[in-house]
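These notes are about the structure you will find just below.
The values are calculated or read from the model by the stated rules, or taken from the named source; none is laboratory data. Predicted model only: the values in this text are computed from it and were never measured. Positions of Cβ are generated from backbone atoms using ideal geometry, with glycine treated the same way; all protein chains shown enter the neighbour counts.
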């Protein structure tokens, strides 16, 4: 008669059968996708620590998920898979992502502003956060094409100039010939430019053609252009190019930016502030 008194031997992931390994790998990859959904990005080093496995294994996981179209592979980690260059999420959808990073970027941007300056803020959640951080100023003029940013600054001492134009429902921004013509008649000390995509070789981009045209005029009339974007925007291209990286003087982003992109920006002579 066979007895089952002795305990079963412990089977580790290293000595597991191929079938069991497959299950473990699949479970880990599903967990990675869950983390990506909630955090907006994942890093190889953090995943290796969390799952108590090697960075080589995690990189393989990410490559497989990338090949399946489930994630967008980046240097040092991964971002959520994008539907493509035409994807244009609403402002409310964007507000849910990378909130802490955007707040830190906004605080840093506001610290660079001085009383008496004229600023341009384009539409977006990061620039909206900057507008909130500027509410305390007593002698400041802000030019914007974003209706929601104008509303944020209503009732403060900040003077607001709205460009006018045709309202885009997704972004609460004003675009078209009226917005462009208004901007061409103005001048600003500083432009804080939020973007949907930042490819360090290609440039800054956005999914809407009309928005890109307005942004280009903003770059033309500002003495200094500072890109403000969280690190999830790096390595992405949207439909319409706003400007090449050479149009920038500075970038404010968070510490999740790929090191390879950081090197390229610094080699180009662009000042980079990490928050």
Only helices (runs of 4 or more DSSP H) wholly contained in region 156-275 count here; list those with 1 or more residues that are free of Cβ contacts under 8 Å to residues at least 12 places away in the same chain.
177-184, 259-267
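For region 1-103, which fully contained helices (runs of 4 or more DSSP H) count at least 2 residues that are at pLDDT 90 or above and in contact with a helix residue (DSSP H, G or I) (Cβ under 6 Å, 6 or more places away or on another chain)? Spell out the reasoning first.
Values: elements: 18-39, 44-51, 55-67, 91-95.
Hits in region 1-103: 18-39, 44-51, 55-67.
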Could you grab the pairs with beta carbons closer than 7 Å, sequence gap of 6+ or different chains, first residue in region 48-74 and not assigned by TED's automatic domain parsing to the domain that holds residue 234, second one in a loop (DSSP other than H, G, I, E, B)?
48/54; 69/81; 70/81; 71/81; 72/81; 72/82; 74/235; 74/258
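What do you reckon, is residue 223 touching a strand residue (DSSP E or B) at 6+ places or on another chain (Cβ under 9 Å), surrounded by fewer than 18 Cβ atoms within 10 Å (Cβ to Cβ) and either under 18 Å from residue 109 (Cα atoms) or at pLDDT below 90 (or both)?
Details: touching a strand residue (DSSP E or B) at 6+ places or on another chain (Cβ under 9 Å): yes; surrounded by fewer than 18 Cβ atoms within 10 Å (Cβ to Cβ): yes; either under 18 Å from residue 109 (Cα atoms) or at pLDDT below 90 (or both): yes.
Taking the combined requirement at face value, the residue satisfies it.
Residue-wise test of (1) surrounded by 18 or more Cβ atoms within 10 Å (Cβ to Cβ); (2) in contact with a helix residue (DSSP H, G or I) (Cβ under 9 Å, 6 or more places away or on another chain); (3) closer than 15 Å to residue 194 by Cα.
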{"site": "207", "(1), (2), (3)": "yes, no, yes"}
{"site": "228", "(1), (2), (3)": "yes, yes, yes"}
{"site": "248", "(1), (2), (3)": "yes, yes, yes"}
{"site": "261", "(1), (2), (3)": "yes, yes, no"}
